[in-house]
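The values are calculated or read from the model by the stated rules, or taken from the named source; none is laboratory data. What you see is a predicted model, and the numbers here were worked out from it, not measured in a lab. Cβ placement follows ideal geometry from the backbone for every residue including glycine, while neighbour counts extend to all protein chains displayed. Keep in mind that these areas ignore ligands, DNA and RNA; they rest on the heavy atoms of the full protein, side chains included. Shrake-Rupley method; radii C 1.70, N 1.55, O 1.52, S 1.80 Å.
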Amino acid sequence: MTNHYAGAVVTSYRPGEQATRSSEVNITYENESLTVFVDPYNGNMLGELNSNNRVMDLIEE
């Protein structure tokens, strides 16, 4: 993940709810809030999501 987001600030970490689920790492990178999904076993980045576009966050608002 560090190769993709050099200089990012980690704001929170959430482990997967089950052994087969990815971990979520919330970061601030270039003035954007992102959630990065990471395989907890090998550290590979699986995807990213702009935190402003998270469905559950929009529902809560």
Using only Cα atoms, what Kirkwood radius does the chain have, in angstroms? 12.1
Where does the chain land at 222 nm, in deg cm²/dmol rounded to the nearest 500, when only DSSP H runs of n ≥ 4 count, each adding -39500 (n - 2.57), divided by all residues? -2000 deg cm²/dmol
Under 10 Å, Cβ to Cβ, from V25 - net charge with Lys/Arg +1 and Asp/Glu -1: -1
So, with points 7 Å from each Cα along the Cβ direction, the E30-E17 label distance in nm works out to 3.2
Leaving out ligands, DNA and RNA, what percent of the accessible area of the chain is carbon and sulfur, probe 1.4 Å? 48
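Please get the size of the charge dipole for the chain, origin at its Cα centre, with Cβ charges of +1 on Lys and Arg and -1 on Asp and Glu, quoted in debye to the nearest 20. Walk me through the intermediate numbers first.
Details: 3 positive and 9 negative charges, 43 e Å.
Roughly 200 debye, rounded to the nearest 20.
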The summed charge of the V9 Cβ neighbourhood (under 13 Å; Lys/Arg +1, Asp/Glu -1) stands at -2
